[in-house]
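Chemist: One structure, as structure tokens, below. Some questions next.
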Amino acid sequence: MSELPDPGLPATPHPAETRLPSQSRGIWIALASSAAFGLSGSFAKGLFEAGWSPTAAVAARMAGAALVLAIPALIAMRGRWVLLRTNWVSIALFGLFGVGACQLCYFLAVQRLDVGVALLLEYLAPVLIVLVLWAKHQKRPSIATIAGTLLSLAGLVAVLDLTGTTRIDPIGVLWGLGAAVGLTVYFFISARVDGALPPIMLSAGGMAVGAVTMLAVGGLGILPMQWAAGTGSFAGFETPWWLALTGLILIATVFSYTTGVMAARELGSKVASFISLTEVLFAVLWAWLLLAELPGAVQLFGGLLIVCGVVLVRIDELRTAKVARIAKRPRR
């Protein structure tokens, strides 16, 4: 989701959108990115089982990713250090809220909820964006956008399964909604950053700021910061903590980000952002295979409603943007 992007995808269209892309290869790359992103919740639960706190897991994930991305980010800058000076506020806010708060809230939700349910709550971010823009501009959204929003809200009610036998932790729900707020901030900041700043530098800088913030939060005792050398369980096998952490950093962060950028270049950020919605499906699949977690039938139906609602909002957004571009063309 870029103009509703998945975290990691560039917020501005790449020039590749203007030329014929390699659709088949780009689709496979985009699916690989979504599959990798979908693993983050499962890897995090492995760390929790090994004795890690969510704050420690987020700090380690962001610090590791920042280190891995540091050299590529510096190369991408090509000596244009003035961009860091002019964008430092955006990078700081991106790291504090769009990266740090979003990931921390998601991991805290995963600690109390099934991975799929936590991610579905986070994916309500497009609905929050619609509501924020509606309140800010005092302009009623289109019928399609309103329909998509209502569909997603109906899906939320189904995911919570308030009248069913499945008990949902209310604190976990609040953390999941907090992740949605963080993702909303991520989208707004991404849209406002100077287009000349390489996306990989924004990501690396945000990861570094987020890591420092999490270490401060843990160091000050605001939230528990606990590291342990225990083991977790994946698909019935005992797994050391370092393997789950390595997967969280390299696969669910660095690989997913890199392939996300590649997909946007092949397909354009709009198409890639649509395919990124499959992250929810992959997250549910990985949680089922690795953790034996599977939401109930009502929750799965609610998840389908949320995804369909987001798709409706996206389609209407793209249609509106296309009409605006046509209206701006000079008349001959």
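All of the numbers you see were taken from the coordinates with simple rules; none came from a lab. What you see is a predicted model; the values in this text were computed from it and never measured. Here Cβ is always computed from backbone atoms with ideal geometry, including for glycine, and neighbour counts include all displayed protein chains.
Chemist: Ala229 to Ile251: extension gain in nm, 0.36 nm per residue of separation minus the Cα-Cα distance?
Modeler: 5.9 nm
Chemist: Further question on the same structure: Stretched out fully, how many nm does the piece from Leu300 to Ala144 gain, at 0.36 nm a residue minus the Cα gap?
Modeler: Once the chain is fully extended between Leu300 and Ala144, it gains 53.9 nm.
Chemist: Residues with amide H under 5 Å of Thr239's amide H, sequence separation 5 or more or different chain, H placed in the peptide plane at 1.01 Å from N; which?
Modeler: Gly232, Ser233, Phe234
Chemist: Students often check this: by mean Cβ neighbours within 10 Å, which of 65-78, 133-146 ranks highest, and how do the rest follow?
Modeler: Final packing ranking: 65-78, 133-146.
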